[in-house]
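Notes for the one structure printed next.
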Amino acid sequence: MEESTRQTIQSTLEGNDVVLFMKGTPAAPRCGFSAQVVQILGSLGVPYSTVDVLSNPEIREGIKEFSNWPTIPQLYVRREFVGGCDIVKEMYGSGELEEKLGVEVAEVTPPKITVTPRAAQALQSALESPEEGVRFEVDAKFNHGLSIGPQQPKDIVVEAGVKLLLDRASAKRANGTVIDYVETPEGSAFKIDNPNEPPKVRQIAPRDLQQRFDAGEKVELFDVRSPAEREIAAIQGSRLLDRDVQQYILGLSKETPIVFHCHHGSRSQQAAEYFLQQGFKNVQNLAGGIDAWSVEIDPTVPRY
């Protein structure tokens with residue numbers, strides 16, 4: 001590392017209590033790991049400075065040598081290297097990050113979590129000793145994780161037919177969650193319903209959509225392909241998404257189930273994201289598009 005690069009890093013650390021070396025900026029992170037650390041620091045409300053390593057190749061490589069740490073982002077507090085994304089997440093979950101930053105650690109109330117008897121039995125069978133519990137994680141994007149491990153000193157414990165272990169961040173996002181164990185076409189699997197999860201576009205398999213049609217459910221299905229593609233193949237009951245249909249959708253109740261499809265699922269995902277942003281709460285994308293529908297449900301629909 002050039003001495004000038006070392007001095008630049010050193011002066012940055014000496015001039016700021018909290019420094020995050022990241023890819024991009026807080027407003028526009030350029031990698032998911034940087035975005036996660038930005039989200040954590042933002043939630044704590046602490047002032048911090050950032051260095052965009054992508055705009056300076058010397059700093060990007062130099063900070064790795066300076067800290068003897070191979071990846072970005074890297075967090076420093078009062079000139080002390082704290083760690084990368086995984087370590088920051090662990091410290092945030094345990095409350096250690098607040099202590100390191102001098103932020104008051106607020107008391108976290110254990111969340112109310114319901115584990116169905118079948119789910120509890122499946123989880124209990126995976127435990128090998130009384131010291132183990134089921135770690136339940138809920139990240140900032142409300143991705144859920146279940147794993148087996150020992151209880152840690154700062155874990156929040158919830159007894160719900162099985163001992164659940166949560167870090168502080170997960171506990172704040174988990175209240176009211178229901179964990180079930182259900183049968184799916186691929187076999188038995190855990191099903192997690194979290195009422196705190198913000199609305200997002202969900203994928204719906206062709207078989208599941210057909211079951212909803214067969215049950216007489218009112219499902220609005222929209223085709224986002226071109227008129228020329230629709231001349232080749234169409235799903236019965238779907239409507240082509242043109243300007244008039246777009247206005248029709250915008251006039252529906254925001255609770256209305258709406259499903260979008262295209263040829264393989266990418267264009268319809270973009271359309272679904274748009275209507276989610278308009279406030280619709282039950283938005284789904286047909287996984288695999290009309291091509292999957294032809295293969296799995298209706299072979300009379302031409303493939304192209």
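Read-outs: derived from the displayed coordinates by stated rules, not from any lab. Everything numeric in this text was worked out from a predicted model, so none of it was measured. In this analysis, Cβ positions are derived from the backbone assuming ideal geometry, glycine residues included, and neighbour counts consider all displayed protein chains.
Worth a mention:
- Each 10 Å bin from zero holds the following percent of Cα-Cα pairs in the range 3-101: 16, 55, 27, 2.
- Remark on residue 222: its backbone amide H falls under 5 Å from those of 239, 259, 260, 261, a criterion applied only to residues 5 or more positions apart or on other chains, H modelled at 1.01 Å from N.
- Per residue, the chain reaches -10500 deg cm²/dmol at 222 nm when only DSSP H runs of four or more residues are counted, each adding -39500 (n - 2.57).
- Charge dipole (Cα centre; +1 on Lys/Arg Cβ, -1 on Asp/Glu Cβ; no other charges) of the chain amounts to roughly 620 debye.
- Square roots of five times the Cα gyration tensor eigenvalues for the range 202-296, Å: 19, 16, 12
- Placing one equal scatterer on every Cα of the chain and applying the Debye formula, the log10 ratio I(q)/I(0) at q = 0.07, 0.09 Å⁻¹ is -0.42, -0.67.
- For residue 191, a cut-off of 15 angstrom between C-alpha atoms picks up these aspartates and glutamates, skipping any fewer than 8 places away in its own chain: 137, 180, 183.
- Cα extents of the range 167-226 along the three principal axes, largest first (Å): 47, 29, 20
- Ranked by the mean number of other Cβ atoms within 10 Å per residue, highest first, peptides 122-130, 292-300, 58-66 order as 58-66, 292-300, 122-130.
- Long-range tail of P(r) for the range 114-193 (Cα pairs > 15 Å, %): 54
- For the range 123-166, a crude dipole built from +1 on the beta carbon of Lys and Arg and -1 on the beta carbon of Asp and Glu, taken about the Cα centre, is about 140 debye to the nearest 20.
- Annotation: lysines with alpha-carbon distance below 25 angstrom to residue 154 (same-chain offsets under eight excluded): 89, 100, 112, 141, 163, 172.
- Pairwise centroid distance, computed over Cα atoms, of the range 23-81 with the range 134-153, Å: 25
- Ranking of 92, 304, 181, 248 by count of other Cβ atoms within 10 Å, fewest first: 304, 248, 181, 92
- Remark: the range 165-257 carries a charge dipole of roughly 380 debye about the Cα centre, counting +1 on each Lys and Arg Cβ and -1 on each Asp and Glu Cβ.
- The range 167-237 and the range 97-132 have Cα centres lying 27 Å from one another.
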